[in-house]
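For reference, the structure discussed in these notes is given below.
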Amino acid sequence: MLILECPYCGVAAEETELAAGGEAHLTRFGPGSSDDDFETYMFMRENPKGVNFERWRHANGCGKWFHAARCTMTLEVFGTYSAQTYEPPADLIKAIKKKRPDWPGYGAHK
Amino acid sequence: MSNAVSALNHASYQGFALVEEMGLQGMITLRGDFADATFQKAVKDVCGQDIPGQREVTVADGKGVAWMSPDELLVLVPYSDSASAAMDLAEALKGTHALAANVSDARVVIRVKGENAREVIAKIAPVDLSVASFQPGQIRRTRLAQVAAAFWMSGEDEFTIVAFRSVADYVFNLLKTSAIKGSEVGYL
Ligand SMILES: [Zn+2]
(Lines give C-alpha, C1' and ligand atoms only; values in the text may rest on other atoms or scores of the structure.)
Protein backbone atom coordinates (compact mmCIF):
# COMPACT_ATOMS: atom_id res chain seq x y z
CA MET A 1 0.00 0.00 0.00
CA LEU A 2 1.35 3.35 -1.05
CA ILE A 3 1.18 6.07 1.59
CA LEU A 4 1.95 9.70 0.77
CA GLU A 5 1.84 12.61 3.20
CA CYS A 6 -0.27 15.42 1.80
CA PRO A 7 1.73 18.64 2.27
CA TYR A 8 -1.48 20.67 2.55
CA CYS A 9 -3.44 18.86 5.25
CA GLY A 10 -0.61 16.85 6.78
CA VAL A 11 -2.50 13.58 6.46
CA ALA A 12 -0.62 10.36 5.78
CA ALA A 13 -3.00 9.42 3.00
CA GLU A 14 -3.09 5.93 1.63
CA GLU A 15 -3.52 5.22 -2.04
CA THR A 16 -7.31 5.02 -2.07
CA GLU A 17 -7.57 8.65 -0.95
CA LEU A 18 -5.33 9.76 -3.79
CA ALA A 19 -5.56 10.22 -7.52
CA ALA A 20 -2.44 9.85 -9.65
CA GLY A 21 -1.64 12.74 -11.98
CA GLY A 22 1.34 11.44 -13.94
CA GLU A 23 4.81 12.87 -14.40
CA ALA A 24 5.58 16.14 -12.64
CA HIS A 25 7.23 19.34 -13.83
CA LEU A 26 6.26 19.07 -17.49
CA THR A 27 6.70 22.17 -19.57
CA ARG A 28 3.35 22.92 -21.08
CA PHE A 29 3.12 23.73 -24.78
CA GLY A 30 -0.28 25.06 -25.72
CA PRO A 31 -1.86 26.86 -28.68
CA GLY A 32 0.68 28.39 -31.03
CA SER A 33 3.44 25.94 -30.16
CA SER A 34 5.16 23.78 -32.77
CA ASP A 35 3.83 20.31 -33.48
CA ASP A 36 7.03 18.76 -32.13
CA ASP A 37 6.83 20.66 -28.85
CA PHE A 38 3.17 19.85 -28.45
CA GLU A 39 3.78 16.18 -29.15
CA THR A 40 6.53 16.06 -26.54
CA TYR A 41 4.35 17.78 -23.96
CA MET A 42 1.37 15.58 -24.74
CA PHE A 43 2.91 12.15 -25.11
CA MET A 44 6.58 11.86 -24.26
CA ARG A 45 7.26 10.73 -20.71
CA GLU A 46 10.46 9.93 -18.92
CA ASN A 47 9.24 6.66 -17.38
CA PRO A 48 12.48 6.06 -15.48
CA LYS A 49 13.50 2.97 -13.60
CA GLY A 50 14.28 4.47 -10.23
CA VAL A 51 13.75 8.02 -8.99
CA ASN A 52 10.60 9.58 -10.37
CA PHE A 53 8.73 12.82 -9.75
CA GLU A 54 4.97 12.65 -9.90
CA ARG A 55 1.83 14.68 -9.44
CA TRP A 56 -0.83 13.43 -7.06
CA ARG A 57 -4.11 14.82 -5.87
CA HIS A 58 -5.59 14.33 -2.41
CA ALA A 59 -8.92 13.62 -4.07
CA ASN A 60 -10.73 12.00 -1.15
CA GLY A 61 -9.37 14.60 1.23
CA CYS A 62 -8.47 18.27 1.03
CA GLY A 63 -8.68 18.17 -2.77
CA LYS A 64 -5.24 19.70 -3.38
CA TRP A 65 -2.68 18.70 -5.97
CA PHE A 66 0.83 18.08 -4.72
CA HIS A 67 4.11 16.49 -5.81
CA ALA A 68 5.78 13.27 -4.75
CA ALA A 69 9.24 11.85 -5.34
CA ARG A 70 9.49 8.09 -5.24
CA CYS A 71 11.23 5.10 -6.72
CA THR A 72 9.46 3.21 -9.47
CA MET A 73 11.41 0.09 -8.68
CA THR A 74 11.21 -0.24 -4.89
CA LEU A 75 8.21 2.08 -4.40
CA GLU A 76 10.19 3.90 -1.71
CA VAL A 77 8.78 7.37 -1.10
CA PHE A 78 11.49 10.04 -0.83
CA GLY A 79 9.13 12.85 -0.01
CA THR A 80 6.17 15.01 -0.98
CA TYR A 81 6.11 18.73 -1.62
CA SER A 82 3.94 21.64 -2.63
CA ALA A 83 2.44 22.06 -6.09
CA GLN A 84 3.52 25.70 -6.16
CA THR A 85 6.94 25.02 -7.63
CA TYR A 86 8.50 24.37 -11.04
CA GLU A 87 11.05 21.91 -9.76
CA PRO A 88 11.72 19.66 -6.75
CA PRO A 89 13.06 21.41 -3.63
CA ALA A 90 16.86 21.41 -3.31
CA ASP A 91 16.89 19.64 0.07
CA LEU A 92 14.81 16.78 -1.32
CA ILE A 93 17.14 16.37 -4.30
CA LYS A 94 20.04 16.32 -1.88
CA ALA A 95 18.38 13.66 0.27
CA ILE A 96 17.68 11.48 -2.77
CA LYS A 97 21.27 11.86 -4.00
CA LYS A 98 22.48 10.66 -0.65
CA LYS A 99 20.28 7.57 -0.77
CA ARG A 100 20.90 6.87 -4.45
CA PRO A 101 24.45 7.95 -5.33
CA ASP A 102 24.06 6.51 -8.84
CA TRP A 103 21.03 8.63 -9.64
CA PRO A 104 22.05 11.02 -12.46
CA GLY A 105 20.05 13.81 -10.83
CA TYR A 106 16.94 15.79 -11.55
CA GLY A 107 16.67 16.85 -15.18
CA ALA A 108 19.77 14.86 -16.24
CA HIS A 109 17.85 13.15 -19.01
CA LYS A 110 16.60 16.38 -20.55
CA MET B 1 -41.90 29.17 0.88
CA SER B 2 -41.23 25.52 0.18
CA ASN B 3 -40.98 23.05 3.02
CA ALA B 4 -37.35 21.97 3.13
CA VAL B 5 -36.72 18.40 4.18
CA SER B 6 -33.43 16.62 4.78
CA ALA B 7 -32.28 13.74 2.60
CA LEU B 8 -33.42 10.89 4.85
CA ASN B 9 -35.94 12.62 7.08
CA HIS B 10 -34.32 11.62 10.39
CA ALA B 11 -33.90 7.94 9.56
CA SER B 12 -32.23 6.02 12.37
CA TYR B 13 -30.87 2.57 13.07
CA GLN B 14 -29.82 1.01 16.35
CA GLY B 15 -27.00 -1.42 15.88
CA PHE B 16 -24.05 -1.74 18.24
CA ALA B 17 -24.01 2.02 17.78
CA LEU B 18 -26.83 4.38 16.88
CA VAL B 19 -26.84 5.69 13.31
CA GLU B 20 -29.04 8.71 12.85
CA GLU B 21 -29.65 11.26 10.12
CA MET B 22 -29.55 14.66 11.75
CA GLY B 23 -31.97 16.64 9.62
CA LEU B 24 -31.29 20.01 8.12
CA GLN B 25 -28.00 21.71 8.90
CA GLY B 26 -26.88 25.06 7.55
CA MET B 27 -23.50 24.73 5.84
CA ILE B 28 -21.47 27.26 3.93
CA THR B 29 -18.37 26.49 1.95
CA LEU B 30 -16.06 29.44 2.43
CA ARG B 31 -12.84 29.93 0.53
CA GLY B 32 -10.35 32.72 0.90
CA ASP B 33 -7.09 33.86 2.45
CA PHE B 34 -6.94 32.76 6.11
CA ALA B 35 -4.25 35.35 6.82
CA ASP B 36 -6.46 38.23 5.69
CA ALA B 37 -7.92 40.20 8.62
CA THR B 38 -11.14 40.89 6.69
CA PHE B 39 -11.59 37.15 6.16
CA GLN B 40 -10.87 36.38 9.81
CA LYS B 41 -13.40 38.94 10.97
CA ALA B 42 -16.06 37.67 8.56
CA VAL B 43 -15.68 34.15 9.96
CA LYS B 44 -15.86 35.38 13.54
CA ASP B 45 -18.93 37.49 12.80
CA VAL B 46 -20.85 34.67 11.14
CA CYS B 47 -20.16 31.80 13.56
CA GLY B 48 -18.46 33.32 16.61
CA GLN B 49 -15.30 31.27 16.12
CA ASP B 50 -11.72 31.94 15.13
CA ILE B 51 -10.30 30.23 12.07
CA PRO B 52 -9.44 26.70 13.19
CA GLY B 53 -5.96 25.23 12.86
CA GLN B 54 -5.08 22.51 10.38
CA ARG B 55 -7.71 19.70 10.48
CA GLU B 56 -9.49 21.25 13.44
CA VAL B 57 -13.15 21.93 14.01
CA THR B 58 -14.91 24.08 16.60
CA VAL B 59 -18.64 23.89 17.18
CA ALA B 60 -20.69 25.54 19.93
CA ASP B 61 -24.42 26.25 20.19
CA GLY B 62 -25.25 25.04 16.70
CA LYS B 63 -22.61 27.21 15.09
CA GLY B 64 -19.09 26.37 14.16
CA VAL B 65 -16.36 26.15 11.63
CA ALA B 66 -14.22 23.33 10.24
CA TRP B 67 -10.84 23.41 8.48
CA MET B 68 -11.24 21.80 5.06
CA SER B 69 -7.98 22.78 3.33
CA PRO B 70 -5.47 25.66 3.58
CA ASP B 71 -7.95 27.93 1.80
CA GLU B 72 -11.31 26.35 2.56
CA LEU B 73 -13.57 26.31 5.59
CA LEU B 74 -16.94 24.76 6.27
CA VAL B 75 -19.09 27.17 8.27
CA LEU B 76 -21.92 25.64 10.30
CA VAL B 77 -24.99 27.69 11.19
CA PRO B 78 -28.62 26.79 11.92
CA TYR B 79 -30.36 25.82 8.68
CA SER B 80 -32.81 28.72 8.83
CA ASP B 81 -29.91 31.19 8.96
CA SER B 82 -27.85 29.65 6.17
CA ALA B 83 -29.06 31.77 3.25
CA SER B 84 -28.64 35.06 5.09
CA ALA B 85 -25.30 33.97 6.58
CA ALA B 86 -23.96 33.18 3.10
CA MET B 87 -25.09 36.60 1.89
CA ASP B 88 -23.54 38.32 4.91
CA LEU B 89 -20.25 36.56 4.20
CA ALA B 90 -20.32 37.49 0.52
CA GLU B 91 -21.04 41.09 1.49
CA ALA B 92 -18.28 41.20 4.12
CA LEU B 93 -15.76 39.73 1.68
CA LYS B 94 -16.67 41.88 -1.29
CA GLY B 95 -13.59 42.99 -3.18
CA THR B 96 -11.37 40.28 -1.65
CA HIS B 97 -10.45 37.00 -3.36
CA ALA B 98 -13.03 34.86 -1.58
CA LEU B 99 -16.10 32.72 -2.16
CA ALA B 100 -19.07 31.85 0.03
CA ALA B 101 -21.51 29.21 -1.18
CA ASN B 102 -24.54 27.94 0.71
CA VAL B 103 -24.28 24.16 0.35
CA SER B 104 -26.83 23.23 3.04
CA ASP B 105 -29.19 21.51 0.63
CA ALA B 106 -26.36 19.63 -1.09
CA ARG B 107 -25.25 17.72 2.01
CA VAL B 108 -26.43 15.11 4.44
CA VAL B 109 -25.41 14.97 8.09
CA ILE B 110 -25.39 11.64 9.89
CA ARG B 111 -24.40 10.94 13.46
CA VAL B 112 -22.98 7.71 14.82
CA LYS B 113 -23.21 7.40 18.56
CA GLY B 114 -22.25 4.70 21.03
CA GLU B 115 -19.38 3.12 22.84
CA ASN B 116 -18.02 1.50 19.68
CA ALA B 117 -18.74 4.37 17.32
CA ARG B 118 -15.05 4.47 16.37
CA GLU B 119 -15.33 0.97 14.94
CA VAL B 120 -18.29 1.81 12.75
CA ILE B 121 -16.18 4.44 10.99
CA ALA B 122 -12.89 2.53 11.11
CA LYS B 123 -14.33 -0.33 9.09
CA ILE B 124 -15.15 1.89 6.14
CA ALA B 125 -12.53 4.66 6.11
CA PRO B 126 -8.75 4.46 5.49
CA VAL B 127 -8.09 6.41 8.67
CA ASP B 128 -6.39 5.57 11.95
CA LEU B 129 -9.22 5.94 14.44
CA SER B 130 -7.34 4.86 17.54
CA VAL B 131 -7.81 7.04 20.60
CA ALA B 132 -4.19 8.13 20.27
CA SER B 133 -4.67 9.39 16.71
CA PHE B 134 -8.17 10.77 16.51
CA GLN B 135 -9.89 12.93 19.09
CA PRO B 136 -12.78 15.37 19.42
CA GLY B 137 -11.84 18.69 17.84
CA GLN B 138 -10.25 17.06 14.78
CA ILE B 139 -11.88 16.77 11.38
CA ARG B 140 -10.93 14.30 8.68
CA ARG B 141 -11.86 14.51 5.03
CA THR B 142 -11.63 11.10 3.49
CA ARG B 143 -13.84 8.48 1.89
CA LEU B 144 -16.43 6.15 3.38
CA ALA B 145 -16.16 3.03 1.23
CA GLN B 146 -16.71 4.46 -2.25
CA VAL B 147 -17.76 8.05 -1.59
CA ALA B 148 -16.15 11.22 -0.28
CA ALA B 149 -17.09 12.29 3.23
CA ALA B 150 -15.84 14.27 6.20
CA PHE B 151 -16.28 13.48 9.87
CA TRP B 152 -15.38 14.75 13.28
CA MET B 153 -16.01 13.58 16.80
CA SER B 154 -18.81 15.63 18.26
CA GLY B 155 -18.44 13.92 21.64
CA GLU B 156 -16.49 11.19 23.39
CA ASP B 157 -18.45 8.41 21.67
CA GLU B 158 -20.01 10.34 18.84
CA PHE B 159 -19.13 11.08 15.23
CA THR B 160 -20.76 13.64 12.98
CA ILE B 161 -20.46 12.75 9.30
CA VAL B 162 -21.01 15.05 6.36
CA ALA B 163 -21.45 13.66 2.84
CA PHE B 164 -23.05 14.68 -0.42
CA ARG B 165 -26.82 14.55 -0.35
CA SER B 166 -26.87 12.55 -3.57
CA VAL B 167 -25.22 9.64 -1.76
CA ALA B 168 -27.12 10.02 1.53
CA ASP B 169 -28.86 6.69 1.17
CA TYR B 170 -25.62 4.91 0.30
CA VAL B 171 -23.79 6.38 3.30
CA PHE B 172 -26.63 5.63 5.69
CA ASN B 173 -26.89 2.01 4.57
CA LEU B 174 -23.13 1.68 4.70
CA LEU B 175 -22.99 2.91 8.30
CA LYS B 176 -25.93 0.70 9.14
CA THR B 177 -24.15 -2.38 7.79
CA SER B 178 -20.98 -1.39 9.59
CA ALA B 179 -22.93 -1.09 12.85
CA ILE B 180 -24.82 -4.39 12.71
CA LYS B 181 -24.95 -6.07 16.10
CA GLY B 182 -22.49 -8.90 16.41
CA SER B 183 -20.04 -7.32 13.97
CA GLU B 184 -18.06 -5.51 16.64
CA VAL B 185 -14.34 -5.98 16.09
CA GLY B 186 -13.36 -5.06 19.62
CA TYR B 187 -10.03 -3.62 18.60
CA LEU B 188 -10.40 0.13 19.01
ZN1 LIG C 1 -4.62 16.84 1.77
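Figures for the structure shown
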quantity	calculated
Summed side-chain charge close to A:G22 - residues other than A:G22 whose Cβ falls under 12 Å, Lys, Arg +1, Asp, Glu -1	0
Within the protein assembly as shown, helix-based [θ] at 222 nm, where runs of 4 or more DSSP H residues each add -39,500 (n - 2.57), nearest 500	-5500 deg cm²/dmol
Relative pair counts by distance (%), Cα atoms of chain B, 10 Å bins	10, 37, 34, 16, 3, 0
Helix runs (DSSP H) in chain B reaching 18 Å along axis by Cα, Kyte-Doolittle at least 1.0	none
List A:M42, B:M87, A:M1, B:M22, ordered by accessible area with a 1.4 Å probe, largest first	A:M1, B:M87, A:M42, B:M22
Amide proton proximity set for B:L24, modelled H, under 5 Å, gap of 5+	B:S6
Test item: Cα-centred dipole of the protein assembly as shown, Lys/Arg +1 and Asp/Glu -1 on Cβ, debye	460
Shape metrics for the protein assembly as shown, restricted to C-alpha atoms - Rg then Dmax, Å	22.1, 70
Over 22 Å [Cα-Cα, the range A:3-99], rounded percent	34
Cα-centred dipole magnitude for the range A:3-99, charges only on beta-carbon of K, R (+1) and D, E (-1), debye, nearest 20	380
Charge context of B:T38, other residues only, Cβ under 12 angstrom, K/R +1, D/E -1	-1
Over 31 Å (Cα to Cα) - which of A:K64/A:K98; B:K41/B:K113; B:K63/B:K94; A:K64/B:K63; A:K99/B:K123; B:K44/B:K181 fall in this group	B:K41/B:K113; A:K99/B:K123; B:K44/B:K181
Under the Karplus curve 6.51 cos²θ - 1.76 cosθ + 1.60, θ = phi - 60°, whole-Hz ³J(HN,Hα) for the range B:95-112, x wherever Gly or Pro sits	x, 9, 7, 8, 9, 10, 10, 6, 10, 3, 7, 9, 10, 10, 10, 10, 10, 10
Disulfide-incompatible cysteines by the Cβ rule (no partner under 4.7 Å) in the protein assembly as shown	A:C6, A:C71, B:C47
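The values are calculated or read from the model by the stated rules, or taken from the named source; none is laboratory data. This one's a predicted model, so the numbers in the text were calculated from it and none came from an experiment. Counting neighbours? That spans all protein chains shown, and the Cβs are built from the backbone with ideal geometry, glycine included. What goes into the accessible areas is simple: the full protein's heavy atoms, side chains included, and nothing from ligands, DNA or RNA. Shrake-Rupley method; radii C 1.70, N 1.55, O 1.52, S 1.80 Å.
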